[in-house]
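The values are calculated or read from the model by the stated rules, or taken from the named source; none is laboratory data. If you're wondering where the values come from, they're calculated on a predicted model, not measured in any experiment. Quick reminder, even Gly has a Cβ in these numbers, built from the backbone with ideal geometry, and neighbours come from all protein chains shown.
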Amino acid sequence: MIPEAVDQIMTHLIQENYLNEERFAKSFARGKFNIKKWGRNRIINELKFRQISRYNINSALSEINEQDYHTTLDELAKKRLAQISESNILKRRKKLADYLLYRGWESNLVYEKLRELI
């Protein structure tokens, strides 16, 4: 397409709120937390990868209820711990920590949860 047409189409989409970075970031954060059980770190990294502004990332993270966040971490950790069949306690801890850190949960919360469960 010619550049003028692209500019006109983009302007129309932005004015009609079809292209809205903040709405996308909020929806993305809610969806990844509720459905995939991702932690804040993973959500932040994915939004940065998509070049979402820092303001919109912070706005999106405010969509996650703090109580739900901790409840989800607790449920996820207990479920994963039940799946780990390792008999060595240190290896169990490492496997659970690696899993939770990979999913984007903050390290201080992960290690606190490890002390609580194992």
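I'd like to know if region 70-78 contains one or more residues that are outside the structural domain of Y111 (by TED's automatic domain parsing), hydroxyl-bearing (S, T, Y) and surrounded by fewer than 18 Cβ atoms within 10 Å (Cβ to Cβ). Checked against the condition, which is being outside the structural domain of Y111 (by TED's automatic domain parsing), hydroxyl-bearing (S, T, Y) and surrounded by fewer than 18 Cβ atoms within 10 Å (Cβ to Cβ), region 70-78 yields no hits at all. Out of the residues in region 43-56 that are charged (D, E, K, R) and more than 16 Å from S27 (Cβ to Cβ), which is surrounded by the most Cβ atoms within 10 Å (Cβ to Cβ)? That would be K48.
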